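The values are calculated or read from the model by the stated rules, or taken from the named source; none is laboratory data. Note that the coordinates shown come from a computational prediction; the quantities given were computed from them, not determined experimentally. A quick note on method: Cβ atoms are made from the backbone with ideal geometry, for glycine too, and the neighbour counts reach across all protein chains shown. Note: areas computed on protein heavy atoms with side chains; ligands, DNA, RNA excluded. Shrake-Rupley method; radii C 1.70, N 1.55, O 1.52, S 1.80 Å.
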Amino acid sequence: METVNQTGSVSEFILLGLSSRPEDQKPLFALFFIMYMVTLVGNLLIILAIRSDTQLQTPMYFFLSILSFIDVCYTTTIIPKMLVNFLSEKKSISYAECMTQMYFFLAFANTESYLLAAMAIDRFVAICDPFHYVTTMSHRRCVLLLAFSCSISDLHSLLLVLLINRLTFCDSNVIPHFLCDINPLLKLSCSPTFVNEIVINTEGLITLVTPFMCVVISYVRILIAVLKIPSAAGKRKAFSTCGSHLTMVTLFYGSIIYVYFRPLSSYTIKDRVATVIYTVLSSMLNPFIYSLRNKDMKQGLRKLMGRRSQAALS
């Protein structure tokens, strides 16, 4: 079952996926194919609506369009390989493909984390310091926030992949997961993983906790400011601008904390399900959460559909 290269380490891995039962493969293929199509169409519509509507050219929607783009890239890193494996007898992935998938998976996941933090900061400035919003959240600063998010995420994922690459895999090449993730590979390694675990528990923890703490601090300040608003209508309006973002934050960080903030030895099938939530499900739900609860987005989507209908008729 395993292929060993000249260095004594495996040259490919077997991804067990979400289920090893043959009768589950086609239903799972159909489910994830539909989820992938919904994710692609939904997020691309969000991007097109924001880019084509001048009323949506604000920092909040700038970050939302980038978030949608990241979600498309994120799921494309994972789902196509899943779909192939659902219909394949040998669910293999080469060592190089595995490292590449892990790099992009971690990079996009961390970028999304920092984008959610940037969106929380945007909401904090809009609600707590509205008179300086235009200058504080200028286009230049938004671009710098995006560049910082991408740079930190890329460096973080590169470091983790390089540390995984120095390990030896000689006992087994079967990964009990549907993608190449850190914890399953660390459990497979037959060489010491002490350095990897130290880095994950220090640098990795800082990289993940920093944006999460930005979100928490921003919303604590927002809550304090909203509670000071005298009218109930004003409070509802303030909370309505944060509801969609809070939903995404809860879904994304809740499942990540469940997967990564536990001992390596406790890794089980439940971790695979939780990984589906913050990789596939959150990306699919993103367009619905932001469009269904946002009047500006619904109007932008209607305008986009109207233009498409007119173009088709003409």
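The rows are residues; the columns are (1) closer than 30 Å to Ser20 by Cα; (2) over 14 Å from the mean Cα position of the chain (by Cα); (3) part of a helix (DSSP H, G or I).
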position	(1), (2), (3)
Pro80	yes, yes, yes
Leu83	yes, yes, yes
Phe104	yes, no, yes
Ala107	yes, no, yes
Asn110	yes, no, yes
Arg123	no, yes, yes
Ala126	no, yes, yes
Phe131	no, yes, yes
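Report, ordered by the first and then the second residue, all pairs with beta carbons closer than 7 Å, sequence separation of six or more or different chains, a first member in segment 273-292 that is under 12 Å from Asn43 (Cβ atoms), and a second member that is outside any helix (DSSP H, G or I).
none
Within segment 252-262, does at least one residue satisfy the condition of being modelled with pLDDT of 75 or more and basic (Lys, Arg)?
No, every residue in segment 252-262 fails to be modelled with pLDDT of 75 or more and basic (Lys, Arg).
If I filter segment 42-55 for residues that are more than 19 Å from the chain's Cα centre (by Cα), in a helix (DSSP H, G or I), farther than 18 Å from Leu179 by Cα and free of Cβ contacts under 8 Å to residues at least 24 places away in the same chain, do I get at least one hit?
The first filter runs over segment 42-55 and keeps only residues more than 19 Å from the chain's Cα centre (by Cα), leaving 48-55.
From what's left, in a helix (DSSP H, G or I): 48-52, 54-55.
With farther than 18 Å from Leu179 by Cα added as a condition, the list becomes 48-52, 54-55.
Retained after the next criterion (residues that are free of Cβ contacts under 8 Å to residues at least 24 places away in the same chain): 51, 54.
Yes, segment 42-55 contains at least one residue that is more than 19 Å from the chain's Cα centre (by Cα), in a helix (DSSP H, G or I), farther than 18 Å from Leu179 by Cα and free of Cβ contacts under 8 Å to residues at least 24 places away in the same chain.
Suppose we keep only residues that are in a helix (DSSP H, G or I) and among the charged types (D, E, K, R) within segment 16-35. Which one would you say is most open to solvent (accessible area, probe 1.4 Å)? Before you say what the answer is, go through the steps one by one.
From segment 16-35, those in a helix (DSSP H, G or I) are 22-35; that's our starting set.
Now narrow it down to the ones that are among the charged types (D, E, K, R): 23-24, 26.
Values: Glu23: 110, Asp24: 39, Lys26: 152 Å².
Across segment 16-35, the extreme among qualifying residues is Lys26.
Give me a count of the residues in segment 194-231 that are of a type outside the set (A, V, I, L, M), touching a residue at least 60 places away in the same chain (Cβ under 8 Å) and surrounded by 20 or more Cβ atoms within 10 Å (Cβ to Cβ).
Of the residues in that region, 3 qualify.
Could you figure out which of (1) at pLDDT below 75; (2) part of a helix (DSSP H, G or I); (3) surrounded by 11 or more Cβ atoms within 10 Å (Cβ to Cβ) isn't true of Ser265?
For Ser265, the exception is condition (3).
For Ser138, indicate whether it is of a type in the set (S, T, N, Q) and open to solvent by less than 30 Å² (accessible area, probe 1.4 Å). Give the steps one after another, and end with the answer.
Details: of a type in the set (S, T, N, Q): yes; open to solvent by less than 30 Å² (accessible area, probe 1.4 Å): no.
The answer is no for Ser138.
Pull out all pairs, ordered by first then second residue, where Cβ-Cβ is under 7 Å, the residues are six or more apart or on different chains, the first lies in segment 143-168 and is farther than 15 Å from Pro211 by Cβ, and the second is small (Gly, Ala, Ser) and not in a helix (DSSP H, G or I).
Hits for this filter: Leu167/Ser189; Leu167/Ser191; Thr168/Gly8; Thr168/Ser9; Thr168/Ser189; Thr168/Ser191.
Would you check which residues across segment 158-188 are among the polar types (S, T, N, Q), assigned to a loop (DSSP other than H, G, I, E, B) and closer than 27 Å to Val280 by Cα and list them?
So in segment 158-188, the residues among the polar types (S, T, N, Q) come out as 165, 168, 172-173, 183.
Now restrict to residues that are assigned to a loop (DSSP other than H, G, I, E, B): 168, 172-173.
Selection gives Asn173 alone.
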